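Visitor: Submitted below is the structure of interest, expressed as structure tokens.
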Amino acid sequence: MRKPVLKPFSKVFLALIISFMLLLTVLVFLNYYKIEHELLDFVKDYGLFAIFLISFFTDVLFQPIGPDVAVIGGVLIYKEFLYSVFFASLGSVLASFLSYFFGRMFRSYGMHKLNSSAKYHKWRRIYARYGLISLSIGALTPVPYVPMCWIAGLFNVKIYKFILFGLVPRVIRFTTLGMIAHYVNMSIS
């Protein structure tokens, strides 16, 4: 078995990441509408760069606001359907790869050290059976997508399967949302 990448600091680093994400989730839940309006103002002020940043950070951090706000806001504010979808997809794809590689980095430490070998193999069998479908469901629906990317990395999903079952549906979701926002905006105008 391969040695963990950050062996001396792995436990502390993993605990800090999980604590930060839990704190962030609670803060976002408590201030959801305020944060959503601030994100839309950010899109209004900084355009496509803001769409990219919002998509990246909402997909790399586990919290309830998704990149949908950036896609819909970009289409409604700038009436740029293709650019909004492209920059949101680019941010989301980069964040998905980062989450996937975090999962791979903590694979040997995270699952083997925190759980028994029997439990690990049981979860691995369950993921082998339903994992790619759950990754697609996470990519297409409001179900949290970040943990799906981490888990795909933990269980060493082949990169082409990760792209096919995770990233392609994610881009399809943003394209669909952008088209709906575009047509709603056109019918209102």
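Visitor: Could you list, in sequence order, the residues of segment 73-85 that are touching a Leu at 6+ places or on another chain (Cβ under 6 Å) and open to solvent by 10 Å² or more (accessible area, probe 1.4 Å)?
Guide: If the condition is that a residue be touching a Leu at 6+ places or on another chain (Cβ under 6 Å) and open to solvent by 10 Å² or more (accessible area, probe 1.4 Å), then Tyr83 is the only one that fits.
Visitor: Sticking with this structure for a sec: Residue by residue through segment 48-64, note down the ones that are at pLDDT below 90 and buried (at least 18 other Cβ atoms within 10 Å of the Cβ).
Guide: Correct list: Thr58, Asp59, Val60, Phe62, Gln63.
Per-residue answers, yes or no, for (1) on the phi < 0 side of the Ramachandran plot; (2) charged (D, E, K, R); (3) under 17 Å from the mean Cα position of the chain (by Cα):
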| position | (1), (2), (3) |
| --- | --- |
| Met21 | yes, no, yes |
| Val28 | yes, no, yes |
| Leu40 | yes, no, no |
| Leu48 | yes, no, no |
| Phe56 | yes, no, yes |
| Leu61 | yes, no, yes |
| Glu80 | yes, yes, no |
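Visitor: Sticking with this one: Can you tell me how many residues in segment 86-102 are over 15 Å from Ile163 (Cβ atoms), without any contact (Cβ under 8 Å) to a residue 60 or more places away in the chain and open to solvent by less than 10 Å² (accessible area, probe 1.4 Å)?
Guide: 1
Visitor: Next question, about the same structure. Tell me which residues, restricted to segment 124-152, are open to solvent by less than 50 Å² (accessible area, probe 1.4 Å) and over 20 Å from Gly66 (Cβ atoms).
Guide: Tyr127, Gly131, Leu132
The values are calculated or read from the model by the stated rules, or taken from the named source; none is laboratory data. Given the structure is predicted, the values throughout are model-derived calculations rather than measurements. With ideal geometry, Cβ positions are generated from the backbone for all residues, glycine too; neighbour counts draw on all protein chains shown. Only protein heavy atoms, including side chains, enter the accessible area calculation; ligands, DNA and RNA are left aside. Shrake-Rupley method; radii C 1.70, N 1.55, O 1.52, S 1.80 Å.
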